[in-house]
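Asker: Pasting a structure below so you can have a look.
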4 protein chains.
Amino acid sequence: MHAIGVDIGGTKIAAGVVDEDGTILAKTRRDTQPDDAGSIDRAIAEVYAELREGYEIGAIGVAAAGFVAADRSGVLFAPNIAWRDYPLRDNVRALIGSDVPVVVENDANAAGWAEFRYGAAKDVEDMLLLTVGTGLGGAIVVNNRLVRGAWGVAAEVGHMRVVPGGHYCGCGHEGCWEQYSSGSALVRDAQAAVVAQPDRATRLLELAGGDAARLTGPDVTKAAQEGDPLAIDLLAELGRWIGEGSASVAALLDPALIVIGGGVGAAGDLLLAPARKAFAEQLSARGHRPEAAIVLAAMGNDAGIVGAADLARA
Amino acid sequence: MHAIGVDIGGTKIAAGVVDEDGTILAKTRRDTQPDDAGSIDRAIAEVYAELREGYEIGAIGVAAAGFVAADRSGVLFAPNIAWRDYPLRDNVRALIGSDVPVVVENDANAAGWAEFRYGAAKDVEDMLLLTVGTGLGGAIVVNNRLVRGAWGVAAEVGHMRVVPGGHYCGCGHEGCWEQYSSGSALVRDAQAAVVAQPDRATRLLELAGGDAARLTGPDVTKAAQEGDPLAIDLLAELGRWIGEGSASVAALLDPALIVIGGGVGAAGDLLLAPARKAFAEQLSARGHRPEAAIVLAAMGNDAGIVGAADLARA
Amino acid sequence: MHAIGVDIGGTKIAAGVVDEDGTILAKTRRDTQPDDAGSIDRAIAEVYAELREGYEIGAIGVAAAGFVAADRSGVLFAPNIAWRDYPLRDNVRALIGSDVPVVVENDANAAGWAEFRYGAAKDVEDMLLLTVGTGLGGAIVVNNRLVRGAWGVAAEVGHMRVVPGGHYCGCGHEGCWEQYSSGSALVRDAQAAVVAQPDRATRLLELAGGDAARLTGPDVTKAAQEGDPLAIDLLAELGRWIGEGSASVAALLDPALIVIGGGVGAAGDLLLAPARKAFAEQLSARGHRPEAAIVLAAMGNDAGIVGAADLARA
Amino acid sequence: MHAIGVDIGGTKIAAGVVDEDGTILAKTRRDTQPDDAGSIDRAIAEVYAELREGYEIGAIGVAAAGFVAADRSGVLFAPNIAWRDYPLRDNVRALIGSDVPVVVENDANAAGWAEFRYGAAKDVEDMLLLTVGTGLGGAIVVNNRLVRGAWGVAAEVGHMRVVPGGHYCGCGHEGCWEQYSSGSALVRDAQAAVVAQPDRATRLLELAGGDAARLTGPDVTKAAQEGDPLAIDLLAELGRWIGEGSASVAALLDPALIVIGGGVGAAGDLLLAPARKAFAEQLSARGHRPEAAIVLAAMGNDAGIVGAADLARA
């Protein structure tokens, strides 16, 4: 059965027809307005109308950043889109005049599911996906099933606390893992180093055009790839926190594989080697168990489309 | 189908015939020697011979403290019994001369499963059990299934790290949750308070017969129930760590219920009220989700027998 | 001998004639521009011209927020005023055409010295002053002498690290004491609580006119004085960090007295009681030593003028 | 003026005649019993009788591990010797029948003073000495004077807290600097690594004869000097904590020099390089101030004798 997967971004949506092998047969996109929830309903209806022309569509899966209702019919709350207890499924069905199944899924869950079914984790039954982007998102698969939790808000991995009294988080708490293992954390640490270690930060500052406020994660990766010691230290610190936090998750869930997605993966071994070292050093019961591998995600930007489509079909 | 559940302790085993409602129809026990693994094989065979006299037995479940093989045929490693890659199932079957199913399960998993099927968590689908005893053990149920992990060592909740650079743990790491949320932690904190706050510790010292080295968890609970301010603070601190760590687990797993087992439960609300307050204060996405309740375990000392029997039957 | 003390603020200076008993005999002030260092030179010259009319002046002391040169002739760096290696003494002398001694002193040192000589600490020889304002400043007196350090930058108490991996600080480091023991920390914790514990934060939000971004320290104090549980918790947390950090300082310096200055003192025992409890609980060698008292500063807003004058005279 | 310095150890005392240049002109020693305080009184009297034969002695200084009375006439409490409010000065004077000045000083203070007057810190006015041995002791010099504090118990540097919720300390608190920056910490970390990282610990285990409980600090240093990666990591971690804690002290006291004494100094740059890097990275106001150098102590085992003698003379 073919399904459409829709990935909702801040200002546009991307959609594709996905077959049962996880292949995208056709793709399209539409612009949307994050403060006009109706524009997203209409865009979904439009991409459905466009894509159903060439394919028989059995289901629509929608991947969205936010808290998804436990019955997956809508979004309880989204940080960046005007969704508050929003009945996305029913709105879309009304617009398209069809009772095709419409299933809403958290975007990190959708991406994780794509990796689990068709990507880096397709050969395991228990997996942790970490999406290291602006924040730290994730997805958890246990016993071949996605872990959604009792109220649909599981896998908020970024809000596991790793430092009591640690960095403030936008969630109102302190020391959330996201504040140590995300692109934002990397940039802030780099900016802090410009203040605290100015003599080591000359290359970073140069890449930022002399203004630390303009520093980006790719600047740090670029400097590290050139051999800049501070940038290498910064990526190693990011990797260390990814690895140490993963060891805590592994104590709870014993996954076979940890998949790292998100933009910082571009740093490659500058990030992964410290992550693997820290994971191994922190893993409980080491020596009495195999160690989960830490690998990069394989599905790229299509993960949301593919995962949402497949979850809608399931 | 009736099954026998066997709970392996350090120096004795307890066994019972358990029906499908989780009721123990008959019970017996045997003494064993922890440094003679064969004595345990024989004791299991003996209790089987005794209990099968009155009941038709479809399976034997064995609950043991240690790392259980992924196929549940034996024990990879046990901290307190001379089991190293030990083929418990095959040994028992050879002794009893039968091919009745014999299933080995981690003891915390067995106890957690009993709570999930028949006890405090019988009405939910996603649960965290914490056994707060000498150490901190646990069991996790997700989507109505026990989480065993890729290699059978999931739910080592006590080794989730809660304080970087924190207390040394016997596992070789620092800051494990067990070092903050266990009876041992309570006793050590109480002993430390005798040194650091002698003026507040007079009642505790008196209960210990004047020797801080003899302080026990029940001493602290007793003093707290009498109204001793230091003892109340100590239990509140223990409860705080239970609640804060549970909030980290909830960020990952979103359980509907958190069940507290183990001896410290005797402290009741002196422990639970601080645990609930800390959990609520640390829970991510509070206000956008229901909050898991924190309740005491209901199955008592029979949990291991009942859970092992039921898991063997499953 | 009479001396003039000058307290440099962001947009104005206050000055007074101070006698050897620490009494201010006359006062005046001038507006200044923080981005025009010359305007401050001229304002100092003007207040000198005005105040010398009625009194014989033996010295001028200037209290300034910033790193003061070791010979106290000027300011190496100031965060809020356009001073960079600025020869304040020589500029002022040139303007007033006199070789009256002009001595520049860090503002927290000046305030601390006033408390030591005439205020809350006048009866002790070893003191720690903490100025809990927007940030956390301080002054240290050992053996009756102000501790300036080898390069004049001692007593940067706010940058002692209290939490590895803790809150980012403007200094580029993490976990500085200032991030836990200042008015800014109080406000940020209160704002975080509005997000994380909305049900407890209704009174605070009301006092802020419904906008958490407008919350102030005095709002928290007001709510706490009314009995609001969250506000009481927030002040207690602030007090706890003041006390615990002070215990670390006491391990190093064994002061006889800890004096708390700055605006948060208005919270009185809501702040001081938790500070004293935490200090006592964390103090090393408790029981083998007396405990330093923790008291409020006594000199009020005049401390800078009085202390600067007296240090110039010394 | 010549003075005798006496260094009290656990089971013996060492004494010497010290001239005003800090040179030891003659030395002797006696065995003592730590549980018989009188044996120490008598031994001091004996060494005085012996050493005064060849020299005119103006004062006796006694260096002792413990809390020294503020008037330096005796010891309030000693952890390893049977001194409780012990009038050492008066006892010694009674035995020798003389009113020669007898001054008791804390042993770390005496050693620090020797470094300040004649050793590694003889050219500075503000110094921090860290004695990294079984524990972490220290001495502080500010404005050319030893910092004793209001009640004589300053410079308990080992009990500055560096990790909230960190390792238990014998003092009854958690997270004391001593638990991260001492030979004991090094050994415990090494033993923990044997458990947590057995594959990396083969060389360490070999040096300990196969029994981790026998591991010593010198074993770690030896392995590190051979190039063993784990041992190098362990010393680097020790150095990191020395450096980071020193940065906190520097925020308070701005010393010109940090002197490292005690046995771990044998590790040389394997320890000092990480200490210096960590100090520089954590130092507040870096770039606006010179950085204190971190150097090894120069006075060796004679520091206690020389420092006690000189302090008695002062």
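Asker: How many residues are buried (at least 19 other Cβ atoms within 10 Å of the Cβ) and aromatic (Phe, Trp, Tyr) if we restrict to region B:41-79?
Answerer: Total satisfying the criteria: 2.
Asker: If you take the residues in region D:185-201 that are in contact with a Leu (Cβ under 9 Å, 6 or more places away or on another chain), free of Cβ contacts under 8 Å to residues at least 40 places away in the same chain and more than 10 Å from chain B (Cβ to nearest Cβ), which one is farthest from residue B:187 (Cα to Cα)?
Answerer: Restricting to residues being in contact with a Leu (Cβ under 9 Å, 6 or more places away or on another chain), free of Cβ contacts under 8 Å to residues at least 40 places away in the same chain and more than 10 Å from chain B (Cβ to nearest Cβ), the top hit is D:200.
Asker: Which numbered condition trips up residue C:150, out of (1) more than 19 Å from residue C:251 (Cα to Cα); (2) modelled with pLDDT of 95 or more; (3) buried (at least 21 other Cβ atoms within 10 Å of the Cβ)?
Answerer: Of everything listed in (1) more than 19 Å from residue C:251 (Cα to Cα); (2) modelled with pLDDT of 95 or more; (3) buried (at least 21 other Cβ atoms within 10 Å of the Cβ), residue C:150 misses just condition (2).
Asker: Shifting gears a bit: Pull up region B:258-302, narrow it to residues that are buried (at least 18 other Cβ atoms within 10 Å of the Cβ) and of a type in the set (Val, Ile, Thr), then point me to the one that is farthest from the other protein chains (Cβ to nearest Cβ).
Answerer: Step by step, filter region B:258-302, then rank; the result is B:264.
Asker: Report whether or not residue B:249 is of a type outside the set (Asp, Glu), crowded, with 19+ Cβ neighbours inside 10 Å, within 14 Å of chain A (Cβ to nearest Cβ) and closer than 27 Å to residue B:5 by Cα.
Answerer: no
Asker: Filter region D:168-184 down to the residues that are in contact (Cβ under 8 Å) with a residue 12 or more places away in the chain and surrounded by fewer than 24 Cβ atoms within 10 Å (Cβ to Cβ), then identify the one that is farthest from residue D:275 (Cα to Cα).
Answerer: By that ranking, first place goes to D:171.
Asker: Pairs, please: C-beta under 8 Å, at least 6 apart or cross-chain, first residue among the aromatic types (Phe, Trp, Tyr) and in region D:60-71, second in a strand (DSSP E or B) and modelled with pLDDT under 90?
Answerer: Between residues of region D:60-71 that are among the aromatic types (Phe, Trp, Tyr) and residues that are in a strand (DSSP E or B) and modelled with pLDDT under 90, the close pairs are D:67/D:76; D:67/D:77.
Asker: Continuing with this model, one more query. Identify the single condition in (1) within 14 Å of chain C (Cβ to nearest Cβ); (2) crowded, with 20+ Cβ neighbours inside 10 Å; (3) free of Cβ contacts under 8 Å to residues at least 24 places away in the same chain that residue D:143 does not satisfy, given that it satisfies every other one.
Answerer: So the condition that residue D:143 fails would be (2).
Asker: Hey, among the residues in region A:286-313 that are among the acidic types (Asp, Glu) and closer than 20 Å to residue A:63 by Cβ, which one's modelled with the lowest pLDDT?
Answerer: A:302
Asker: Out of D:155, D:110, which single residue is within 12 Å of the chain's Cα centre (by Cα) and more than 14 Å from chain C (Cβ to nearest Cβ)?
Answerer: Exactly one of D:155, D:110 is within 12 Å of the chain's Cα centre (by Cα) and more than 14 Å from chain C (Cβ to nearest Cβ), namely D:110.
Asker: Count, please, the residues in region B:10-40 that happen to be touching a strand residue (DSSP E or B) at 6+ places or on another chain (Cβ under 9 Å) and either assigned to a helix (DSSP H, G or I) or of a type in the set (Gly, Ala, Ser) (or both).
Answerer: Residues in region B:10-40 being touching a strand residue (DSSP E or B) at 6+ places or on another chain (Cβ under 9 Å) and either assigned to a helix (DSSP H, G or I) or of a type in the set (Gly, Ala, Ser) (or both): 7 in total.
Asker: Would you call residue D:240 within 11 Å of chain C (Cβ to nearest Cβ) and in a loop (DSSP other than H, G, I, E, B)?
Answerer: Criteria not met by residue D:240.
Asker: Scan the strands (runs of 3 or more DSSP E) fully inside region D:42-146 and keep the ones with 2 or more residues being of a type in the set (D, E, K, R).
Answerer: D:84-86
Asker: If residue D:223 satisfies every condition in (1) closer than 18 Å to residue D:275 by Cα; (2) out of contact with any Gly (no Cβ under 7 Å at 6 or more places or on another chain); (3) surrounded by 23 or more Cβ atoms within 10 Å (Cβ to Cβ) but one, which is the exception?
Answerer: Tallying (1) closer than 18 Å to residue D:275 by Cα; (2) out of contact with any Gly (no Cβ under 7 Å at 6 or more places or on another chain); (3) surrounded by 23 or more Cβ atoms within 10 Å (Cβ to Cβ), residue D:223 fails exactly one: (1).
Asker: Considering only region A:34-65, how many residues are of a type outside the set (A, V, I, L, M), in contact with a Leu (Cβ under 7 Å, 6 or more places away or on another chain) and over 14 Å from residue A:17 (Cβ atoms)?
Answerer: Result for region A:34-65: 2.
Asker: Here is a further query. So which pairs qualify, if the first residue must be in region C:262-274 and part of a helix (DSSP H, G or I), the second must be basic (Lys, Arg) and surrounded by fewer than 23 Cβ atoms within 10 Å (Cβ to Cβ), the Cβ gap must be under 8 Å, and the two must be at least 6 apart or on different chains?
Answerer: C:274/C:240
Asker: Still on this model: Taking region A:1-33 on its own, how many of its residues are farther than 20 Å from residue A:310 by Cβ and surrounded by 17 or more Cβ atoms within 10 Å (Cβ to Cβ)?
Answerer: Summing the residues that are farther than 20 Å from residue A:310 by Cβ and surrounded by 17 or more Cβ atoms within 10 Å (Cβ to Cβ) in region A:1-33 gives 2.
The values are calculated or read from the model by the stated rules, or taken from the named source; none is laboratory data. Keep in mind that what you see is a predicted model, and the values were worked out from it rather than measured. All Cβ positions, even for glycine, are placed from backbone atoms using ideal geometry, and neighbour counts span all protein chains on display.
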